[in-house]
Amino acid sequence: MSKKLRKPENKEKDFSNKIIKILSQNSNKAFNYKQIATLLEKDDTKSRNEIIRDLKILASQKKIIESEPGKYLIKALSQDYYEGIIDMTGRKTAYFVCPELEEDVFIPTNNLNRALDKDTVKVYVYNRRKGRRPEGEVIEVLERAKTDFVGVIDIQKNFAFVSTANPKMYTDIFIPKDKLGEAEQGDVVLVHIEDWPKRADSPFGSVIKVLGKPGEHDTEIHAILAEYGLPAEFPVEVEVFAQKIDTSITEEEIKNRRDMRDTLTFTIDPKDAKDFDDALSFKRLENGNYEIGVHIADVSYYLQEGTILDDEAYQRATSVYLVDRVVPMLPEVLSNFACSLRPQEEKYTFSAIFEISEKAEVINQWFGRTVIFSDQRFAYEEAQYIIETKDNTIPAETSITGNAYQVSDEIVSATLKMQDLAKILRRNRMNEGAISFDKVEVKFNLDDEGEPEGVYFKISKDANHLIEEFMLLANRKVAEYIGKQKKTFIYRIHDEPNEDKLIAMQTVIAKFGYKIDFKNKGDISKSLNTLLSDVVGKKEQNLIDTLAIRTMSKAKYSTDNIGHYGLAFDYYSHFTSPIRRYPDVMVHRLLQYYLDGGKSVDEEKYEAKCLHSSTMEGLATNAERDSIKYMQVKYMQNHNDQEFLGVISGVTEWGIFVEIIENKCEGMVRIREIKDDYYTFDEKQYALVGATTKSLLQLGDEIYVKVKNADLVKKQLDFNFIRRNE
């Protein structure tokens with residue numbers, strides 16, 4: 001059934017809101033009734049009389065000012081007008097978020113006035129009396145958060161509409177016939193909104209790219225990237241530029257660096273890693289201490305400021321790790337080859353080298369450019385085998401290559417000693433109030449076609465912690481070194497948790513017999529760590545891990561150092577991953593500049609770069625989550641007839657969310673699909689309550705479900721309720 005554009009209404013009884021909107025959009029200009037009537041396209045006598053009446057009413061209400069006889073201005077500095085961000089719900093309504101207001105303002109559907117999710121808008125706020133929820137109306141869209149959208153195209157005879165799968169996008173997009181491009185009926189397309197005429201229900205747009213057919217693997221992955229404005233490939237000119245970079249190791253450049261090629265050095269990374277941007281070196285000193293080097297790929301040596309390659313890397317700001325592929329920040333010639341610290345190769349690095357005592361105390365430190373030679377590449381599983389067995393023969397079933405091999409006694413000894421030191425560093429961190437988030441990560445075994453064959457969970461073990469602790473040490477000490485000089489720098493900051501979210505979390509976890517101590521910041525950290533430890537291996541672990549993470553503020557980049565709450569560090573930065581994070585590249589550049597005696601740089605300039613980097617990191621994270629959801633739905637498509645035991649992970653008025661225990665896939669059971677009683681949502685108990693039996697379906701309850709529907713486009717699973725796990 002074809003869609004039609006909305007026809008203009010024949011009658012207008014009240015012009016007040018539209019008058020306010022016109023005056024707000026032109027706050028420095030006075031209008032008479034004739035000018036307003038013209039802007040409203042009203043030329044009949046009745047409408048003009050109503051406009052004159054409404055102008056006088058608004059003036060009497062002091063919402064507008066009669067600046068001279070017959071001319072009106074919006075009231076200056078009105079306390080009822082605010083600028084902020086629109087946060088859409090999935091029900092075609094929104095909330096207006098503004099730092100100046102104590103609470104978010106509800107925006108009904110008919111008051112959105114063409115505002116879309118995350119747009120910056122001017123809003124008129126009313127219903128501000130005590131005891132009433134404030135409501136508002138969008139007066140003006142000041143800035144669109146995005147103008148490009150992904151959706152499925154429905155082509156009619158003379159036009160088309162594009163519908164998105166995003167529940168927060170409440171309108172489809174009208175496409176004129178001459179702006180269809182190469183799109184065919186039912187294609188997934190990327191469209192650009194060009195205009196939104198006053199009398200149209202939908203914005204007008206044009207097709208800028210055809211992504212493919214819905215449900216096809218590459219189509220959906222490219223759709224995820226396009227939805228967040230993330231590139232799928234490098235421009236040709238950037239690839240050509242990267243290919244021409246001299247990546248040879250020269251004697252002339254080695255003379256400018258600390259030569260570490262004779263020091264035992266190795267990498268520990270995931271078994272499927274393509275780029276290795278950090279290595280550790282180990283040396284026993286005559287005084288009984290240890291020299292441990294944290295060596296990071298010297299990306300800034302190759303990535304010169306002002307080049308098209310640097311511009312591209314800055315715009316991307318981060319690599320994107322989707323389930324079946326990596327979209328790198330840097331072209332492969334750098335990320336996988338020149339900069340990657342591959343075994344048995346000399347590499348340029350930027351290093352933090354520490355003299356560390358037997359008690360893991362940092363006695364001395366040195367920062368600067370180096371050259372290294374990596375003696376060995378380990379996967380985490382191989383390093384973990386050494387830690388657990390102290391054996392120097394890696395068995396075939398643990399080896400990356402599938403073949404057994406031997407490592408030197410020197411490497412085994414170094415690994416074991418660094419493991420001992422890492423344990424002390426970790427224990428000290430926890431004692432200082434750091435929070436231990438070891439959330440289980442869902443991973444997929446994919447076949448050659450990228451189809452999911454199975455699910456497994458990535459769990460951090462001692463080998464992961466070994467690398468983590470020395471990377472954290474380098475990041476902290478670099479930030480501390482510059483921070484104490486009071487010079488502009490790029491910090492990784494993390495604010496204290498949101499108290500309202502902690503209280504809400506307490507309500508949930510109390511159902512499982514847990515509690516949080518709110519006395520002070522230190523007590524909160526300790527009780528969170530106790531909680532995260534107590535739930536390990538229990539059915540509610542993933543739910544509580546997720547809730548705990550959601551109470552935390554989001555870490556971000558900033559020149560304003562407020563410390564890192566989650567790590568309990570006063571100074572923290574990102575120094576250790578310049579292959580995949582642009583802020584690390586900037587940290588390297590600034591560190592070298594300050595080591596050379598440079599004066600403090602422009603804080604405002606770098607704060608803008610921090611904001612961009614944090615924004616791009618957020619988009620990449622969302623894309624990564626969407627790719628996991630997509631693969632989970634795809635995996636579950638092949639298990640339609642199988643019963644699964646799941647845990648209720650969320651309760652709403654329209655149903656329950658259920659997370660399957662064996663694979664962490666989450667879907668919804670609609671309330672109308674639960675047939676053993678008539679259920680209603682009890683907000684206080686955070687549960688569904690049966691009308692007849694009074695039985696509860698609440699967080700943490702185990703139930704059996706079957707797949708009802710697996711929607712690849714919406715990345716959504718619907719389950720059928722089978723029975724409780726009695």
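A few comments on the model shown:
- The range 420-502 - percent of accessible surface contributed by carbon and sulfur, probe 1.4 Å: 39
- Sorting the segments 37-45, 105-113, 368-376 by their residues' average number of neighbouring beta-carbon atoms within 10 angstrom, most packed first, yields 368-376, 105-113, 37-45.
- Calculation over all alpha carbon pairs of the range 500-572 in 10 angstrom steps from 0 returns a P(r) of 17, 49, 26, 7, 0 percent.
- Per-pair calculated FRET efficiency, R0 = 51 Å: Phe457 and Gln156 via Cβ, rounded to 0.05: 0.60
- Quotient of C-alpha Rg and 2.2 N^0.38 Å, computed over the range 138-184: 1.32
- Surface exposure of the range 665-710, expressed per residue as accessible area with a 1.4 Å probe, stands at 54 Å².
- Each of Ile356, Thr318, Leu543 was scored by the projection of its Cα onto the charge dipole of the chain, and the greatest displacement toward the positive side belongs to Leu543; charges sit on the C-beta of Lys, Arg, Asp and Glu.
- At 1.567 mPa s and 4 °C, Stokes diffusion of the range 345-467 via Kirkwood alpha-carbon radius, µm² per second: 75
- Accessible area (Å², per residue) of the range 89-231, counting only protein heavy atoms and a probe of 1.4 Å: 49
- Per DSSP, loop trypsin sites (Lys or Arg not before Pro) in the range 175-208 with at most 15 further Cβ within 10 Å: Lys198, Arg199
- Leading residue at positive end of dipole, the range 96-202 (Cβ point charges), from Thr171, Trp196, Phe96: Phe96
- Sites Leu285 and Arg199 - FRET efficiency at Förster radius 56 Å, r taken between beta-carbons, to 0.05: 0.10
- Zero-based 20 Å bins, Cα pair distances in the chain, whole percents: 14, 42, 34, 10, 1
- Exposure check, 1.4 Å probe, all protein chains in place: Leu190 carries approximately 20 Å² of accessible surface.
- Selection from Phe489, Pro452, Leu285, by position along the positive dipole direction of the chain (Cβ): Phe489
- Alpha-carbon centroids, the range 523-590 and the range 363-379: separation in whole Å: 25
- When the surface is traced with a 1.4 Å probe over the full set of protein chains, Phe457 keeps roughly 70 Å² accessible.
- The simple spin-label model puts a point 7 Å past each Cα toward its Cβ; for Ser553 and Lys694 those points are separated by 4.6 nm.
- Contour minus Cα-Cα distance for Ser67 and Tyr678 (0.36 nm per residue): 213.8 nm
- Membrane-span-like helices of the chain, defined as complete DSSP H segments with a Cα extent of 24 Å or more along the helix axis and a mean Kyte hydropathy of at least -1.0, are identified as 409-431, 462-483, 603-637.
- Solvent exposure of the range 12-74, expressed per residue, is 59 Å² of accessible area, with all protein chains present and a 1.4 angstrom probe.
- Once the Cα gyration tensor of the range 41-192 is diagonalised, semi-axes √(5λ) in Å: 36, 22, 12
- Net length available on complete extension from Asp641 to Asn49 is 206.3 nm, with 0.36 nm assigned per residue and the Cα-Cα distance removed.
- In loop segments of the range 401-488 as defined by DSSP, the GluC sites (Glu not before Pro) with at most 13 further C-beta atoms inside 10 Å of their C-beta are Glu432, Glu449.
- More than 24 Å apart - percent of Cα-Cα pairs taken over the range 197-309: 60
- Sites Glu346 and Lys274 - FRET efficiency at Förster radius 22 Å, r taken between beta-carbons, to 0.05: 0.70
- Whole-percent carbon and sulfur share, accessible surface of the range 539-606, 1.4 Å: 44
- Antiparallel bridge percentage (DSSP; both residues within the chain; nearest 5): 90
- Point-to-point label distance, Ile363-Glu102, nm (Cα→Cβ direction, 7 Å offset): 5.9
- Cα-only Debye scattering, the range 17-66: base-10 log of I(q)/I(0) at q = 0.13, 0.17, 0.30 Å⁻¹: -0.26, -0.45, -1.32
- Spacing of the modelled spin labels on Lys443 and Lys177, each 7 Å from Cα toward Cβ, amounts to 5.4 nm.
- The Cα center of the range 208-233 and the Cα center of the range 280-312 differ in position by 36 Å.
- For the chain, adding -39500 (n - 2.57) for each run of n ≥ 4 DSSP H residues and dividing by the number of residues yields -9000 deg cm²/dmol at 222 nm.
- For the range 333-399, the list of GluC sites (Glu not before Pro) that fall in a loop by DSSP and count at most 11 other C-beta atoms within 10 angstrom reads Glu397.
- When Arg723, Arg476 are compared by accessible surface with a 1.4 Å probe, the order from highest to lowest is Arg723, Arg476.
- Centre-to-centre, using Cα atoms only, the range 428-495 and the range 619-669 are separated by 25 Å.
The values are calculated or read from the model by the stated rules, or taken from the named source; none is laboratory data. It should be emphasised that the depicted structure is a prediction, and the values quoted were computed from it without experimental measurement. Note that each Cβ is placed from the backbone with ideal geometry, even for glycine, and that neighbours are counted across all protein chains shown. Areas reflect the complete protein model, heavy atoms only, side chains present, ligands, DNA and RNA absent. Shrake-Rupley method; radii C 1.70, N 1.55, O 1.52, S 1.80 Å.
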